[in-house]
Amino acid sequence: MMSDQNKNNAIQEHEANLFFEESISGFLIADEKNRIIRSNTRVSDWLGISAADIEGKKFIDLLSIGSKIYFETHLSPLLKMQGYFEEILVELSGAAGKRLKILINAKESAPKEDKPKLIYYTLLEASDRVQYEQNLQNAKRLTEEELEDERKNVLLREQLIAVLGHDLRNPLGAISMTVGLLERSIKDDHQKNLLGILKRSSYRMNELIGNVMDFARTRLGEGIVISPREVDLKPVLEHVMEELKFLFPDRQIAADLSLIDPIFCDADRIAQLVSNLLANALTHGNPQSPVYFTARNPSNKLEISVANEGEQIPESLQAILFTPFKREADRPSNNGLGLGLYIADQIAQAHGGTLSFVSNEKETRFTFEMEFRN
């Protein structure tokens with residue numbers, strides 16, 4: 001009568017054989033010369049060859065020509081050197097020219113004195129995986145091509161903007177010069193008012209063109225170019241303020257320019273930064289309240305702030321305030337393309353400084369700070 005231990009051993013052996021034969025993976029066992037001594041049903045189904053016909057063949061005989069070469073030159077030496085290899089893609093060659101992509105794993109058995117060394121192969125069908133990876137590679141290639149096309153289009157548009165902005169300066173300069181000449185000769189008040197409108201429009205156009213060209217330079221990788229030198233900045237800022245008072249004759253600017261020493265900076269760029277901040281405050285601030293403009297330079301540090309009363313900047317806009325072409329959707333603006341604050345921030349960064357802001361129910365204040373050397 002069979003003991004319980006023998007029964008358990010028999011059951012385990014039966015289950016192991018059942019798993020070997022009916023697994024959805026392919027299993028092969030080869031001797032130390034790589035001759036197959038056992039295969040399961042899955043391998044026979046893949047190849048269209050019976051298990052009896054498979055046994056006795058070398059593993060390499062089951063492979064297509066390309067995979068045979070790869071096995072001989074790479075996998076066989078790797079198996080001898082380290083005793084295993086994992087998840088290598090090869091191609092099986094079956095009956096009637098049948099081809100099948102599979103992933104193979106191989107491992108040599110541990111050496112035993114009374115038993116020969118064996119090689120265990122596990123085969124996983126990989127056609128779907130290969131197709132997926134090919135689709136993924138194709139999608140990646142198409143995405144890269146589309147991205148490159150878009151990059152070229154963006155570069156072309158930005159080059160066009162830069163060239164257009166440059167070419168617009170010449171006719172605009174002629175208009176501004178003509179307005180200046182007419183101002184000296186025309187006495188009629190109505191005509192002077194018309195010239196004033198034309199002059200303000202020319203100034204605004206020049207400012208917009210400058211912002212567009214600066215934006216194009218930053219996008220083309222050149223960044224904001226500065227030429228710093230020691231300069232008395234106070235008259236420069238006063239000139240900016242007077243220009244904006246002319247453009248906004250009904251608005252008041254309360255200025256406190258406490259600049260006592262020369263400052264090492266690019267005066268034209270600082271003037272551009274201040275002009276953008278003041279124009280923004282005059283445009284969006286409460287028309288019944290002044291715009292507060294302060295500048296001081298304590299201890300080799302330049303601080304400029306522009307503040308206005310009025311509506312608080314919405315929180316949804318605050319996070320993107322220095323992003324180009326971003327403006328409030330619910331409050332129409334006559335302040336152009338939405339580049340002013342972006343350019344001002346770029347100028348601040350070019351000087352190694354910062355441009356920050358606070359906005360609440362009381363006021364909106366922009367502050368530029370930078371350190372400079374004497």
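The values are calculated or read from the model by the stated rules, or taken from the named source; none is laboratory data. The structure presented is a predicted model; accordingly, all values stated were derived computationally and were not measured. When we count neighbours, we look across all protein chains shown, and the Cβ atoms used for this are built from the backbone with ideal geometry, even at glycine. Just the protein is used for accessible areas: all its heavy atoms, side chains included, with ligands, DNA and RNA removed. Shrake-Rupley method; radii C 1.70, N 1.55, O 1.52, S 1.80 Å.
Report, in debye and to the nearest 20, how large the dipole of region 1-153 comes out about its Cα centre when Lys and Arg carry +1 and Asp and Glu carry -1 on their Cβ. Walk me through the numbers before you get to the answer.
Details: 21 positive and 27 negative charges, 104 e Å.
Dipole about the Cα centre, nearest 20: 500 debye.
Averaged per residue, region 1-118 has 63 square angstrom of accessible surface, using a 1.4 angstrom probe with ligands and nucleic acids left out.
Sorting 55, 91 by solvent-accessible area of protein heavy atoms yields 55, 91, largest first, with a 1.4 Å probe.
A simple spin-label model places the labels of residue 35 and residue 76 1.5 nm from each other, with each point 7 Å out along Cα-to-Cβ.
Assuming charge only on the beta carbon of Lys and Arg (+1) and of Asp and Glu (-1), the dipole of the chain about its Cα centre is about 720 debye to the nearest 20.
Please give the contour-minus-distance gain from residue 117 to residue 311: 0.36 nm per residue of separation, less the Cα-Cα distance, rounded to one decimal in nm.
Numbers: separation 194, 0.36 × 194 = 69.84 nm, distance 8.47 nm.
Residue separation times 0.36 nm, minus the Cα-Cα distance, leaves 61.4 nm.
Quick check for you: with a 1.4 Å probe and neighbouring chains kept, what is the accessible area per residue of region 173-322, in Å²?
Working: 7870 Å² over 150 residues.
I get 52 Å² per residue for this part.
Once C-alpha pairs closer than 8 Å and six or more residues apart are averaged by separation and normalised to the residue number of the chain, the relative contact order reads 10 percent. Amide H contacts under 5 Å for residue 257: 295, restricted to partners 5 or more places along the chain or on a different chain, H placed in the peptide plane at 1.01 Å from N.
Between residue 320 and residue 55, what is 0.36 nm times their sequence separation minus the Cα-Cα distance? Round to one decimal in nm. Display every interim value, and only then the final one.
Numbers: separation 265, 0.36 × 265 = 95.40 nm, distance 7.07 nm.
Full extension of this stretch gives 88.3 nm more.
With the convex hull drawn around the C-alpha atoms of the chain, the volume per residue stands at 330 Å³.
Here the Karplus relation 6.51 cos²θ - 1.76 cosθ + 1.60, evaluated at θ = phi - 60°, turns the backbone of region 122-131 into coupling constants of 10, 10, 10, 5, 10, 4, 5, 5, 4, 5 Hz, with x for every Gly and Pro.
Divide by every residue of the chain the summed helix terms, -39500 (n - 2.57) for each DSSP H run of at least 4, and state the resulting mean residue ellipticity at 222 nm, rounded to the nearest 500 deg cm²/dmol. Don't jump to the answer; show the numbers that get you there.
Details: 11 runs with 181 residues, N = 374.
So the calculated ellipticity at 222 nm is -16000 deg cm²/dmol.
In order along region 46-61, the Karplus-derived 3J(HN,Hα) couplings, from 6.51 cos²θ - 1.76 cosθ + 1.60 at θ = phi - 60°, round to 4, 8, x, 10, 6, 4, 5, 6, 6, 4, x, 6, 7, 4, 5, 5 Hz, and Gly and Pro are given as x. Using R0 = 35 Å, the C-beta based FRET efficiency linking residue 256 and residue 349 works out to 0.85.
Derived scalar couplings between HN and Hα for region 20-31 equal 4, 6, 9, 5, 6, 9, x, 10, 9, 10, 10, 7 Hz in order, rounded to whole Hz, by the Karplus curve 6.51 cos²θ - 1.76 cosθ + 1.60 (θ = phi - 60°), x for Gly and Pro. Of 213, 81, the order by accessible heavy-atom surface (1.4 Å probe, DNA, RNA and ligands excluded), from most exposed downward, is 81, 213. Heavy-atom accessible area, probed at 1.4 angstrom with all protein chains present, ranks 256, 189 as 189, 256, highest first. Of all DSSP beta bridges confined to the chain, the antiparallel ones make up roughly 90%.
A 1.4 Å probe, protein heavy atoms only, puts the accessible area of residue 185 near 80 Å². Surface composition of the chain: carbon plus sulfur atoms contribute 52% of the solvent-accessible area (1.4 Å probe, protein chains only, all chains present).
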